[in-house]
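Trainee: This is the structure I want to talk about, given as structure tokens.
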Amino acid sequence: MAREAQLDLVEISPQAEPPVVQIMDFGKFLYEQHKKEREAKKAQKVIEVKEIQLRPKTDPHHRGFKVRDARKWLEEGMKVKVRVRFRGREIAYPQLAREDLDEVAKELADIAVIEQYPNMEGRTMLMVLAPSGKPKKTLLKKETTSAQDQDPQSNE
């Protein structure tokens, strides 16, 4: 039957008794399967991990700039690594780095959750923050557009 239709005879389930086969165009089947895999890859969301680096002696003012960048990344849905690097004898005071990391976590608590708590890795202390829930920017945009839609005279 397969030869008459100029198609392939494909074994579907060899363990079944009797084995299950199907008549199909095997090349077309493989093409469709690869096409579905490509579509699935496009639909995947890749979570990017950004990093901010601090030192135990980092000024609170400069830390504020880095926290602002981390806030922006978290709102975009990215994860953020916060790394405190020790140089020289600074490694004798890991509590200073832990205080800095706690401050960063406190400042970003409204949009982030701690995914990995602060721990030492060699001469660095590392903490990972992940976005909590939906990004705030999209919520703000939706609220402003819905307010304009409800009251058309506000634009005049």
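The values are calculated or read from the model by the stated rules, or taken from the named source; none is laboratory data. In this text the structure is predicted, and so the values were computed from the model without any measurement. As a convention, Cβ positions derive from the backbone with ideal geometry for all residues, glycine included, and neighbour counts pool all protein chains shown.
Trainee: Among the acidic types (D, E) and either farther than 30 Å from E121 by Cα or not assigned by TED's automatic domain parsing to the domain that holds M120 (or both): which single residue out of E90, E4, E103 fits that description?
Mentor: On the way: E90 fails: either farther than 30 Å from E121 by Cα or not assigned by TED's automatic domain parsing to the domain that holds M120 (or both); E103 fails: either farther than 30 Å from E121 by Cα or not assigned by TED's automatic domain parsing to the domain that holds M120 (or both).
From the options E90, E4, E103, the qualifying one is E4.
Conditions tested, residue by residue: (1) touching a residue at least 12 places away in the same chain (Cβ under 8 Å); (2) under 30 Å from E103 (Cα atoms); (3) polar (S, T, N, Q).
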site: V20; (1), (2), (3): no, no, no
site: E32; (1), (2), (3): no, no, no
site: E48; (1), (2), (3): yes, yes, no
site: K57; (1), (2), (3): yes, yes, no
site: H62; (1), (2), (3): no, yes, no
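Trainee: I've got another one for you. If I go through region 11-33 residue by residue, how many of them are hydrophobic (A, V, I, L, M, F, W, C) and assigned to a loop (DSSP other than H, G, I, E, B)?
Mentor: First, the residues of region 11-33 that are hydrophobic (A, V, I, L, M, F, W, C): 12, 16, 20-21, 23-24, 26, 29-30.
Now drop any that are not assigned to a loop (DSSP other than H, G, I, E, B), which leaves 16.
Looking only at that region, the number is 1.
Trainee: Answer yes if at least one residue in region 32-40 is of a type in the set (A, V, I, L, M), within 23 Å of the chain's Cα centre (by Cα) and assigned by TED's automatic domain parsing to the domain that holds V128, and no otherwise.
Mentor: Initial filter on region 32-40 (of a type in the set (A, V, I, L, M)): 40.
Among the residues that remain, those that are also within 23 Å of the chain's Cα centre (by Cα) are: 40.
Of the ones still in play, those that are also assigned by TED's automatic domain parsing to the domain that holds V128 are none.
Scanning region 32-40 turns up no residue that is of a type in the set (A, V, I, L, M), within 23 Å of the chain's Cα centre (by Cα) and assigned by TED's automatic domain parsing to the domain that holds V128.
Trainee: For region 1-15, give me each residue that is loosely packed, with under 10 Cβ neighbours inside 10 Å and not charged (D, E, K, R).
Mentor: To start, the set of residues in region 1-15 that are loosely packed, with under 10 Cβ neighbours inside 10 Å comprises 1, 3-4, 6, 14-15.
Matches in region 1-15: M1, Q6, P14, Q15.
Trainee: What are the residues in region 68-118 that are outside any helix (DSSP H, G or I), more than 24 Å from the chain's Cα centre (by Cα) and crowded, with 18+ Cβ neighbours inside 10 Å, if any?
Mentor: Hit for region 68-118 is F86, nothing else.
Trainee: Something else about it: For region 41-49, check the following and say yes or no: at least one residue is charged (D, E, K, R) and more than 18 Å from the chain's Cα centre (by Cα). Give the derivation first.
Mentor: So the first thing to find is which residues in region 41-49 are charged (D, E, K, R), and the list is 41-42, 45, 48.
So of that shortlist, the ones also more than 18 Å from the chain's Cα centre (by Cα) come out as none.
Scanning region 41-49, I find no residue that is charged (D, E, K, R) and more than 18 Å from the chain's Cα centre (by Cα), so the answer is no.
Trainee: What about F26, is it over 30 Å from M127 (Cα atoms), surrounded by 11 or more Cβ atoms within 10 Å (Cβ to Cβ) and not aliphatic (A, V, I, L, M)? Walk me through it before giving the result.
Mentor: Working: over 30 Å from M127 (Cα atoms): yes; surrounded by 11 or more Cβ atoms within 10 Å (Cβ to Cβ): yes; not aliphatic (A, V, I, L, M): yes.
Yes: the conditions hold for F26.
Trainee: What do you reckon, is I12 more than 24 Å from V113 (Cβ to Cβ) and in contact with a Lys or Arg (Cβ under 9 Å, 6 or more places away or on another chain)?
Mentor: Numbers: more than 24 Å from V113 (Cβ to Cβ): yes; in contact with a Lys or Arg (Cβ under 9 Å, 6 or more places away or on another chain): no.
When the stated conditions are applied, I12 does not pass them.
Trainee: Next question, about the same structure. I52 - would you say it is within 26 Å of R123 (Cβ to Cβ) and either more than 29 Å from the chain's Cα centre (by Cα) or of a type in the set (A, V, I, L, M, F, W, C) (or both)?
Mentor: Values: within 26 Å of R123 (Cβ to Cβ): yes; either more than 29 Å from the chain's Cα centre (by Cα) or of a type in the set (A, V, I, L, M, F, W, C) (or both): yes.
The answer is yes for I52.
Trainee: Being without any contact (Cβ under 8 Å) to a residue 40 or more places away in the chain and surrounded by fewer than 10 Cβ atoms within 10 Å (Cβ to Cβ) narrows it down to one of Q44, Q53, so name that one. Before you say what the answer is, go through the steps one by one.
Mentor: Numbers: Q53 fails: surrounded by fewer than 10 Cβ atoms within 10 Å (Cβ to Cβ).
The match here is Q44.
Trainee: Just to be sure before I move on: is V82 hydrophobic (A, V, I, L, M, F, W, C), at pLDDT 90 or above and in contact with a helix residue (DSSP H, G or I) (Cβ under 8 Å, 6 or more places away or on another chain) in the structure I sent?
Mentor: Details: hydrophobic (A, V, I, L, M, F, W, C): yes; at pLDDT 90 or above: yes; in contact with a helix residue (DSSP H, G or I) (Cβ under 8 Å, 6 or more places away or on another chain): yes.
Criteria met by V82.
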